[in-house]
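So the structure is just underneath, and the comments pick up after that.
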Amino acid sequence: MKEAIKWVANTMPKSEDRRLSVMSLSSVAKARFFHSTFPQYSITPLDRLDGMAQYLGLAGLYVKNESFRFGLNAFKVLGGSFAMAQYIAKEMGRDVSEMTYDYLTSEAFRKEFGQATFFTATDGNHGRGVAWAANKLGQKAVVHMPKGSSKPRYDNIAKEGAAVTIEEVNYDDCVRMAAAEAARTEHGVIVQDTAWDGYEEIPSWIMQGYGTMASEAAEQLRQIGVNRPSHVFVQAGVGSLAGAVVGYFTNLFPNDPPKFIVMEAQAADCLYRSARAGDGSPRTVDGDLQTIMAGLACGEPNTIAWDILRNHVSAFVSCPDWVSARGMRMLGVPVKGDPVVISGESGAVGMGLIAALMETDEYKDLRDAVGLDRFSQILMFSTEGNTDPMKFRKVLWDGEYPTI
Ligand SMILES: Cc1ncc(COP(=O)(O)O)c(C=O)c1O
């Protein structure tokens, strides 16, 4: 029997919304400018799935394809790299707009700033991004991965010259380990992709870095005549990405924001549980958090992102693994005429959910609650490509996590 998708409409009391300004359009423009100075930078595709939209009874379905991001197969590098630039700018008493790739790799910069050590914990993608950016910018990186992390993901980080380990503890404990080590290290700083009380500046910069992806997508939609998506589907681990996307689009369309739907892996559905509790306070999920959606296996919400999400999201959805497996297959074997999107376990859950909502009446209540119909223009994010090749084949070729 396949497990059910669970969901809750957002009925939480609103906060003062002080965190929305983290994702101001001007901050995101700074991040996008920084990324654009890298020689490896190019805008990732916004894939248009017209055939799929027609099949599902939608006006449009647009997939931001992050498998092309900096050759790294995931969006995550956007956050870590911009946070590193902001950190260096602050240490030097300068503005981040001066921190271009050319400057950060110059002899003059090396003499003035030297080297810092950037610590982090990761399921794979964030650590790879931090390691890559540190490598490109001549900085040092130390990365801890939770129990059960896959070898290819480990290798990709080691390849960038970072000191990387797989630990016997879960993701959240790896975060604590990285924080403690950074505190003991001279010129050491933790660049973590989540916030907690007392650790907010760096995660805010990371969220702004993710804003590059949202700002590109908004521009690409405009270029094809879609001025505003009616719905934005975004997946969440700790919620930094979702907070960034929801915050950016809310600031872009303050009077008429799209409807936001946030998806999580059922094994780590801390935001869904927080929304279901209904009082506006975040809840956590602990344990091993076993899911194929490795990037979403986080049980403790980012406190900054949570404040944005609780105010602006329409529905929180908790998705079993089959939802993402089906999304991977649908994107990888598209309707005739549509582009192939290579999407990994954490990238494809949106596709699986959208199909589940539109194909049958099983989840009609959620479809109606968020107002999905033949006029809907949906934006979703395939946040990673094939980042775990063995798992990818098991799902696509061997049909793991079937829907029947
Ligand atoms: C591919 C991918 N998608 C989505 C996410 C979720 O991002 P967040 O933890 O900010 O919610 C992650 C996090 O690592 C990821 O690697």
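Residues in region 141-173 that are in a helix (DSSP H, G or I) and either modelled with pLDDT of 95 or more or out of contact with any Pro (no Cβ under 9 Å at 6 or more places or on another chain) (or both): Lys151, Arg153, Tyr154, Asp155, Asn156, Ile157, Ala158. For Gly71, the conditions (1) on the phi > 0 side of the Ramachandran plot; (2) within 16 Å of the ligand (Cβ to nearest atom); (3) touching a helix residue (DSSP H, G or I) at 6+ places or on another chain (Cβ under 8 Å) all hold with the exception of (3). Do we find that Trp306 is in a helix (DSSP H, G or I) and away from the ligand (no atom under 16 Å from the Cβ) in this structure? Judged against the criteria, Trp306 is not a match.
Residue by residue, here is whether (1) outside any helix (DSSP H, G or I); (2) more than 14 Å from Thr383 (Cβ to Cβ); (3) of a type in the set (Gly, Ala, Ser); (4) modelled with pLDDT of 95 or more holds:
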site	(1), (2), (3), (4)
Val323	no, yes, no, yes
Gly327	no, no, yes, yes
Leu331	no, no, no, yes
Val335	yes, yes, no, yes
Glu345	yes, no, no, yes
Met351	no, no, no, yes
Ile354	no, yes, no, yes
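When Pro257 is tested against the conditions (1) assigned to a helix (DSSP H, G or I); (2) surrounded by fewer than 20 Cβ atoms within 10 Å (Cβ to Cβ), the lone failure is (1).
Candidates Gly332, Gly299, Gly337, Gly327: the one that is within 14 Å of the ligand (Cβ to nearest atom) and more than 30 Å from Asp17 (Cα to Cα) is Gly327. Is region 108-118 home to any residue that is modelled with pLDDT of 95 or more, surrounded by 24 or more Cβ atoms within 10 Å (Cβ to Cβ) and more than 30 Å from Gly51 (Cβ to Cβ)? Within region 108-118, one or more residues are modelled with pLDDT of 95 or more, surrounded by 24 or more Cβ atoms within 10 Å (Cβ to Cβ) and more than 30 Å from Gly51 (Cβ to Cβ).
Here is a check on your reading of the model: is Arg222 over 22 Å from Cys298 (Cα atoms), surrounded by fewer than 19 Cβ atoms within 10 Å (Cβ to Cβ) and over 19 Å from the mean Cα position of the chain (by Cα)? Yes: the conditions hold for Arg222. Scan region 115-157 for residues that are over 17 Å from the mean Cα position of the chain (by Cα), of a type in the set (S, T, N, Q) and under 19 Å from Ile88 (Cβ atoms) and report the count. The number of residues fulfilling the criteria is 4. Within region 282-303, being in a helix (DSSP H, G or I) and surrounded by 22 or more Cβ atoms within 10 Å (Cβ to Cβ) holds for Ala294, Gly295, Leu296. All conditions but one from (1) away from the ligand (no atom under 16 Å from the Cβ); (2) touching a strand residue (DSSP E or B) at 6+ places or on another chain (Cβ under 7 Å) apply to Thr120; the one that does not is (1). Out of the residues in region 74-103 that are of a type outside the set (S, T, N, Q), closer than 21 Å to His187 by Cα and buried (at least 23 other Cβ atoms within 10 Å of the Cβ), state the one that is nearest to the ligand (Cβ to nearest atom). Among residues in region 74-103 that are of a type outside the set (S, T, N, Q), closer than 21 Å to His187 by Cα and buried (at least 23 other Cβ atoms within 10 Å of the Cβ), the one nearest to the ligand (Cβ to nearest atom) is Gly79. Looking across region 333-364, the residues that are farther than 19 Å from Pro402 by Cα and either surrounded by 19 or more Cβ atoms within 10 Å (Cβ to Cβ) or in contact (Cβ under 8 Å) with a residue 12 or more places away in the chain (or both) come down to Val335, Lys336, Gly337, Asp338, Pro339, Val341. For beta carbons closer than 8 Å, sequence separation of 6+ or different chains, a first residue in region 147-170 that is at negative phi and surrounded by 18 or more Cβ atoms within 10 Å (Cβ to Cβ) and a second that is part of a helix (DSSP H, G or I) and among the basic types (Lys, Arg), the qualifying pairs are Ser150/Lys391; Arg153/Arg128; Asn156/Arg128; Ile157/Arg128; Glu160/Arg128. Screening region 374-388 for residues that are out of contact with any Leu (no Cβ under 8 Å at 6 or more places or on another chain) and at pLDDT 95 or above and picking the one that is nearest to the ligand (Cβ to nearest atom) gives Glu384. Filtering region 15-26 for residues that are within 15 Å of the chain's Cα centre (by Cα), buried (at least 18 other Cβ atoms within 10 Å of the Cβ) and among the charged types (D, E, K, R) leaves an empty set.
The values are calculated or read from the model by the stated rules, or taken from the named source; none is laboratory data. Remember, predicted model here, so these are calculated numbers, not experimental data. All Cβ positions, even for glycine, are placed from backbone atoms using ideal geometry, and neighbour counts span all protein chains on display.
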